[in-house]
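Input: a single structure, listed below in structure tokens.
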Amino acid sequence: IENASFIRETKKMDAPKNVMFFYPYEKLCPKDVCKVIDGSVANYWDDRHMSRDGALMATPDLIEYLRN
């Protein structure tokens, strides 16, 4: 719920040009169901921070986002 609210509100914002929002939750939480654990891999360190593996899962999307 917090992620959905954050995404909804920041997408409505008129952010300064030097501020960019990246939403890894769209990758980690497809169809609003978060993959907290994917097989034997934990995608989150705690309730808000991605683990190394979770961050690696979102990295290709971040690279593509920064290229555009």
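The values are calculated or read from the model by the stated rules, or taken from the named source; none is laboratory data. Note that this is a predicted model, so its numbers are computed, not measured. Glycine also receives a Cβ, built like all others from the backbone with ideal geometry; neighbour counts cover every protein chain displayed. Areas reflect the complete protein model, heavy atoms only, side chains present, ligands, DNA and RNA absent. Shrake-Rupley method; radii C 1.70, N 1.55, O 1.52, S 1.80 Å.
A few remarks follow.
- With Cα atoms, 0 to 90° folded angle of helix 2-12 axis to the chain main axis: 20 degrees
- Listed by chain and number, the lysines whose alpha-carbon sits under 29 Å from that of K17, ignoring those within fewer than 8 places in the same chain, are K27.
- The trypsin sites (Lys or Arg not before Pro) found in the stretch 4-68 that occupy coil by DSSP, while having at most 11 further C-beta atoms within 10 Å, are K17, R48.
- Converting phi to 3J(HN,Hα) with the Karplus coefficients 6.51, -1.76 and 1.60 and the offset θ = phi - 60°, the stretch 40-52 yields 10, 10, 8, 8, 10, 7, 8, 6, 9, 10, 6, 6, 4 Hz in sequence order, with x at every glycine or proline.
- Surface composition of the chain: carbon and sulfur atoms hold 57% of the protein heavy-atom accessible area at a 1.4 Å probe.
- Shape of the stretch 1-53, Cα gyration tensor, a/c cut at 1.5: prolate
- Derived scalar couplings ³J(HN,Hα) [the stretch 53-68; Karplus, 6.51 cos²θ - 1.76 cosθ + 1.60; whole Hz; x for Gly, Pro]: 5, x, 5, 5, 5, 8, 4, x, 5, 5, 4, 4, 4, 6, 6, 8
- Accessible-area value, D46, 1.4 Å probe, nucleic acids and ligands omitted, Å²: 70 Å²
- Taking 7 Å steps out from each Cα toward its Cβ at E9 and N68 produces label points 2.5 nm apart.
- Using θ = phi - 60° and Karplus 6.51 cos²θ - 1.76 cosθ + 1.60, couplings along the stretch 14-21 (whole Hz; Gly, Pro as x): 9, 6, x, 4, 8, 10, 10, 10
- When shorter helices are ignored and each DSSP H run of at least 4 residues is given -39500 (n - 2.57), the per-residue value for the chain at 222 nm works out to -13500 deg cm²/dmol.
- For Y44, the amide hydrogen comes within under 5 Å of the amide hydrogens of S51, counting only partners 5 or more places away or on other chains and with H modelled in the peptide plane.
- For the chain, the solvent-accessible area with a 1.4 angstrom probe is 83 square angstrom per residue.
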